Amino acid sequence: MSTKRLFLFAAYDRAGNIDASLEYYVGALSKYGDVIVHMDSDCRDGSIKKLMPYTIHADARRHGEYDFGSYKRAYTHARNADILSDYDFVYMVNDSVYGPLADIGPALHAMESMGVDAFGPVCNPNPDHPHIQSWFIGMRPTVFLSPWFEKFITSVRPQTNKGTITKLYEQGFTALVAGHNLSWGCLWNVENRGVYNKIKKLYRTGLPFMKKVAFSRHGGRLGRQILYVLGHISPTARDAIMENARRTYGVEYMDWLLTNNPVKIFMRGLKYGIKKARKGQL
């Protein structure tokens, strides 16, 4: 019997566009399960229809509750359709990453084989509040069919800052799993901001995603890592990522960012180091 999965997919685009990177990601997930997409955006010209071939439901309406607000809406659709009990695993996934950079099947199998109630690719092992990073969370029925999870996800409301969102929902989810005497685990433990800053290393160890924000961090110092990853993935994945990156950051910026020139890389590191030193003196 094949594994039945449901992906609750949260997406956002400032301009209300659905481009190749989102289609590619949703399409890749659809090979391994059913997908419900909810975007925290008002998509122009009914472009949400681009996702219809890959989804059992897709909607795009600005709600201001960020990713967990979209998870809530996707979950509510599945609950109201009375389909949740049909699945072996339910995932909450968002588009803050580019990918998959390779076939996602092995990663799904590895996570599901851990035998824990909740899981993900990456854990933030902060000693005060270790948690599954919320851009990819998997759950067994012991979680997604529980009354406490329904209460948690349907109680999501707009928050004033990212820190509160992280505490209430990202850290809060993992704390609730543990608080109900359930188990959780991840394939990678990544401290601090390593998931943004060590994308080459993580890719080489098998993580099939890279965070989008890496493209704008550290004054362009991560460009060489990004270029390495782009050079080792399929042309389809690379073209989809580049379409979104050029639209998001600009063509000129991307041409500047993606370089192997050692002098340019050295100068970026120097400028970034000086900037950090000056901030430390303020």
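The values are calculated or read from the model by the stated rules, or taken from the named source; none is laboratory data. Everything quoted here is computed from the prediction, not taken from an experiment. Glycine also receives a Cβ, built like all others from the backbone with ideal geometry; neighbour counts cover every protein chain displayed.
Taking region 202-219, which residues are of a type in the set (A, V, I, L, M, F, W, C) and either within 12 Å of the chain's Cα centre (by Cα) or part of a loop (DSSP other than H, G, I, E, B) (or both)?
Just the residues of region 202-219 that are of a type in the set (A, V, I, L, M, F, W, C), to begin with: 202, 207, 209-210, 213-215.
Of everything in region 202-219, those that are of a type in the set (A, V, I, L, M, F, W, C) and either within 12 Å of the chain's Cα centre (by Cα) or part of a loop (DSSP other than H, G, I, E, B) (or both) turn out to be 207, 209, 210, 213.
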Considering 226, 265, which residue is modelled with pLDDT of 95 or more, surrounded by 12 or more Cβ atoms within 10 Å (Cβ to Cβ), among the β-branched types (Val, Ile, Thr) and closer than 27 Å to residue 206 by Cα?
226
Output yes when any residue across region 138-159 is in the same structural domain as residue 93 (by TED's automatic domain parsing) and under 22 Å from residue 234 (Cβ atoms), and no when none is.
no
For residue 126, which of the numbered conditions (1) surrounded by fewer than 21 Cβ atoms within 10 Å (Cβ to Cβ); (2) touching a helix residue (DSSP H, G or I) at 6+ places or on another chain (Cβ under 8 Å) fails to hold?
(2)
Check whether at least one residue in region 28-50 is within 23 Å of residue 239 (Cβ to Cβ), crowded, with 16+ Cβ neighbours inside 10 Å, among the aliphatic types (A, V, I, L, M) and over 19 Å from the mean Cα position of the chain (by Cα), and report yes or no.
yes
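Each row is one residue, and each column tells you yes or no for (1) of a type in the set (D, E, K, R); (2) touching a strand residue (DSSP E or B) at 6+ places or on another chain (Cβ under 9 Å); (3) more than 25 Å from residue 159 (Cβ to Cβ).
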| position | (1), (2), (3) |
| --- | --- |
| 19 | yes, no, yes |
| 25 | no, yes, yes |
| 77 | no, yes, no |
| 83 | no, yes, yes |
| 90 | no, yes, no |
| 120 | no, yes, no |
